[in-house]
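The values are calculated or read from the model by the stated rules, or taken from the named source; none is laboratory data. From a predicted model like this one, the values you see are computed outputs, not experimental measurements. Counting neighbours? That spans all protein chains shown, and the Cβs are built from the backbone with ideal geometry, glycine included.
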Amino acid sequence: MARPHISDEQRRTRLARRHAVAPQHRVSDPVAAARAVVALHSTEAASVHLAVAARVDGVTVADVDRALYEDRCLVKQLAMRRTLFAFPRDLVPAALGSSSDRVAAALSSRIIRAVTDNGLATDGEAWLDRACQQVAEAVTAAGALSNAEIRERVPMVRGQVQVGRGTWGQAVQVSPWVCTLLGLRGRLTRGVPVGEWTNPRPRWHMMKDWLGEPVEPVEPRQGYAELVHRWLDRFGPGTQDDIVWWLGATKGIVRTALADIAAVEVDLDDDQVGYVLPGDLAEESPVEPWAALLPVLDATTMGWKSRGFYLAPEDAPHLFDANGNGGTTAWWDGRVVGCWVQDQGGRVQVMTRHALPEDAVRALDVEAARLTAWLDGTKINSVYTSRQMKPELLP
């Protein structure tokens, strides 16, 4: 029996509607924006606010801060691919029990090795256990602490360790490593930050105090199944390699998760086999042509490993770095067509890779004006600057 087929055009239609990036399909609040893409990329703090602004009309910086730091319905958690995300609160147990746990195991081994290699202790595992306990006790006593304050109160996590050798060697601060590990284990969480929303530094809280109750990680298999289910609901169809990349997991883990949720195989236009959830084969009605401006590392931009259905291969080196990290992106009718930057006055300008039809230019100009007004003079700086975002290209 032949597999069902889902075309690239249908994939772009699903993206527009399900990711809430088409203006006519925007959602109502920050949590809905996060659910639209499973979770919001938070490696660069400003991207959380910008990703919400792209998907919610009338939202403010204060609205996003309220969801993160007052209502606490969005929770920052390091998980898939060692990346920080803002998760809907109900998804945190699944992340902790699966992707976070996997990253924690790797980070724990790395810290233990660095501690012994740098002569901090002969028993790196015992040292790490003591460090974690002392940091947790300090945060519990204070209620919340920044990394600098933790170093003041916990002498054993002061200073740096050398990791790697030669060209690849680097000095790493010990205290953020320990806090990150405690966060991966669900003991600490990132709460009200130090600094502005565009460049905050984390202030650490005990997760059970921050959320008002302990968060119990689910069993790993169940956690992965939940993450893959939510990914397919938003990003499907996608290939096994897409999911492996997005999760930062193994093919074995992904195969098991796909089986557990009874995912359905489909044929894609590039001759790969994709997967969707059971009952998600119906063709979706077309979406009117749309424009969107998304931030650095946006969850939509970063959602798939195989990006050919929304990104021309010749444009990828100009809009993504060598590691596949996306800069800002400008979208027209389901495809990435360029990026956006700000001029000296903070005005948003769209930098396209190729000539576009007049209706596309007008629609992108509308989105640039919308984002300029939303930013209200705030300048966004990024360490993930693509070639196309370089200031020398500004007109």
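For P289, indicate whether it is touching a residue at least 60 places away in the same chain (Cβ under 8 Å) and in a loop (DSSP other than H, G, I, E, B). Criteria met by P289. Here is the figure for the stretch 1-28: residues that are surrounded by fewer than 16 Cβ atoms within 10 Å (Cβ to Cβ) and either touching a strand residue (DSSP E or B) at 6+ places or on another chain (Cβ under 9 Å) or more than 18 Å from T329 (Cβ to Cβ) (or both) total 9. Taking the condition in contact (Cβ under 8 Å) with a residue 40 or more places away in the chain and in a loop (DSSP other than H, G, I, E, B), does A262 pass? It is false that A262 is in contact (Cβ under 8 Å) with a residue 40 or more places away in the chain and in a loop (DSSP other than H, G, I, E, B).
Considering the stretch 156-258, the qualifying helices (runs of 4 or more DSSP H), each wholly inside and each with 1 or more residues that are among the basic types (K, R), buried (at least 18 other Cβ atoms within 10 Å of the Cβ) and at pLDDT 95 or above, run over 220-235.
Can you tell me how many residues in the stretch 48-98 are in a helix (DSSP H, G or I), at positive phi and free of Cβ contacts under 8 Å to residues at least 40 places away in the same chain?
0
Selection of the stretch 346-389 for residues being in a loop (DSSP other than H, G, I, E, B) and surrounded by 13 or more Cβ atoms within 10 Å (Cβ to Cβ) yields G346, R347, R353, L356, T378, I380, S382, Y384, T385, S386.
Once the stretch 30-47 is narrowed to residues that are out of contact with any strand residue (DSSP E or B) (no Cβ under 6 Å at 6 or more places or on another chain) and part of a loop (DSSP other than H, G, I, E, B), the residue that is nearest to L91 (Cα to Cα) is V38. Residues in the stretch 99-132 that are hydroxyl-bearing (S, T, Y), closer than 21 Å to Q160 by Cβ and in a helix (DSSP H, G or I): S108, S109, T116. Looking only at the stretch 319-334, decide whether some residue is in contact with a Ser or Thr (Cβ under 6 Å, 6 or more places away or on another chain), among the acidic types (D, E) and assigned to a loop (DSSP other than H, G, I, E, B). Within the stretch 319-334 (the criterion being in contact with a Ser or Thr (Cβ under 6 Å, 6 or more places away or on another chain), among the acidic types (D, E) and assigned to a loop (DSSP other than H, G, I, E, B)), the answer is no, since none of the residues qualifies. Number of residues in the stretch 183-214 that are over 14 Å from A142 (Cβ atoms), more than 19 Å from the chain's Cα centre (by Cα) and not small (G, A, S) equals 7.
Take the conditions surrounded by fewer than 21 Cβ atoms within 10 Å (Cβ to Cβ), among the β-branched types (V, I, T) and more than 24 Å from F87 (Cα to Cα) and apply them to V264. Does it pass? For V264, the condition - surrounded by fewer than 21 Cβ atoms within 10 Å (Cβ to Cβ), among the β-branched types (V, I, T) and more than 24 Å from F87 (Cα to Cα) - is met. Taken together, the criteria exclude E283 from residues that are more than 19 Å from the chain's Cα centre (by Cα), farther than 25 Å from L96 by Cβ, part of a strand (DSSP E or B) and touching a residue at least 40 places away in the same chain (Cβ under 8 Å). Screening the candidates V296, V337 for the property of being hydrophobic (A, V, I, L, M, F, W, C) and touching a Lys or Arg at 6+ places or on another chain (Cβ under 7 Å) yields one hit, V337.
Can you tell me which residue in the stretch 127-152 is surrounded by the fewest Cβ atoms within 10 Å (Cβ to Cβ), limited to those that are of a type outside the set (S, T, N, Q) and farther than 18 Å from R190 by Cβ?
A141
Of all the criteria given as (1) in the same structural domain as G186 (by TED's automatic domain parsing); (2) more than 26 Å from Y224 (Cα to Cα), the one not satisfied by Y69 is (1). Against the condition among the acidic types (D, E) and modelled with pLDDT of 95 or more, how does E44 come out, does it pass? Spelling it out, it is not the case that E44 is among the acidic types (D, E) and modelled with pLDDT of 95 or more.
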